[in-house]
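What follows is a single structure, written as structure tokens, with notes after it.
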Amino acid sequence: QVQLVESGGGLVQPGGSLRLSCVASGSIFSVYAMFWYRQAPGKQRDVVASIDSARVTMYADSVKGRFTISRDNAKNTVYLQMNDLKSEDTAVYYCYTKRPLPFSRNFRDYWGQGTQVTVSS
């Protein structure tokens with residue numbers, strides 16, 4: 001079992017910054033990739049950024065150059081630093097990871113509860 005708890009969302013003006021945190025518990029953290037997703041009202045949930053065990057990162061085109069994902073394995077925490085926020089970044093942001101099922105090639109998905117980010121003047 002893995003528990004993911006996000007924090008750091010809120011209301012920010014366009015051009016502002018926020019840092020989201022996601023603390024993971026219940027499983028070995030450092031060897032697995034971690035992801036941030038977001039879901040705006042009426043839209044599907046899309047991946048924003050990811051970081052693997054070697055700290056290789058990937059970003060959605062819409063956030064490249066503005067968002068930075070990082071991880072602190074000693075704290076079992078993944079971060080999403082969001083700069084130059086735009087109104088279109090308004091969404092619920094979710095932390096995600098997956099773990100292999102025992103004796104199987106399948107994986108189990110784990111999601112946090114989400115944290116609201118609202119960008120508005």
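Yes/no matrix, rows are residues, columns are (1) touching a Ser or Thr at 6+ places or on another chain (Cβ under 9 Å); (2) over 16 Å from residue 20 (Cα atoms); (3) not in a strand (DSSP E or B):
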residue	(1), (2), (3)
50	yes, no, no
61	no, yes, yes
70	yes, no, no
94	yes, no, no
97	yes, no, no
109	yes, yes, no
113	no, no, yes
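Taken together, the residues in segment 47-67 that are open to solvent by 20 Å² or more (accessible area, probe 1.4 Å), over 11 Å from residue 96 (Cα atoms) and under 13 Å from the mean Cα position of the chain (by Cα) amount to 5. Consider residue 72 carefully, then state whether it is more than 11 Å from the chain's Cα centre (by Cα) and surrounded by fewer than 18 Cβ atoms within 10 Å (Cβ to Cβ). Yes; evaluated as a whole, the condition is true for this residue. Hey, among the residues in segment 82-108 that are surrounded by fewer than 16 Cβ atoms within 10 Å (Cβ to Cβ) and modelled with pLDDT of 95 or more, which one's nearest to residue 44 (Cα to Cα)? Going through the qualifying residues, I end up with 88. Among the conditions (1) surrounded by 12 or more Cβ atoms within 10 Å (Cβ to Cβ); (2) outside any strand (DSSP E or B), residue 44 misses just one, which is (1).
Is one or more of the residues making up segment 11-26 among the hydroxyl-bearing types (Ser, Thr, Tyr), modelled with pLDDT of 95 or more, surrounded by fewer than 20 Cβ atoms within 10 Å (Cβ to Cβ) and more than 19 Å from residue 1 (Cα to Cα)? Looking for residues that are among the hydroxyl-bearing types (Ser, Thr, Tyr), modelled with pLDDT of 95 or more, surrounded by fewer than 20 Cβ atoms within 10 Å (Cβ to Cβ) and more than 19 Å from residue 1 (Cα to Cα), one finds at least one in segment 11-26, hence yes. Scanning segment 48-84 for residues that are touching a residue at least 40 places away in the same chain (Cβ under 8 Å) and either under 23 Å from residue 13 (Cβ atoms) or not charged (D, E, K, R) (or both) yields 48, 73, 76, 77, 78, 79, 80, 81, 82, 83, 84.
The values are calculated or read from the model by the stated rules, or taken from the named source; none is laboratory data. This structure is a prediction, so every number in the text was calculated from the model and none was measured. Backbone-built Cβ (ideal geometry, glycine too); neighbour counts: all protein chains shown. Only protein heavy atoms, including side chains, enter the accessible area calculation; ligands, DNA and RNA are left aside. Shrake-Rupley method; radii C 1.70, N 1.55, O 1.52, S 1.80 Å.
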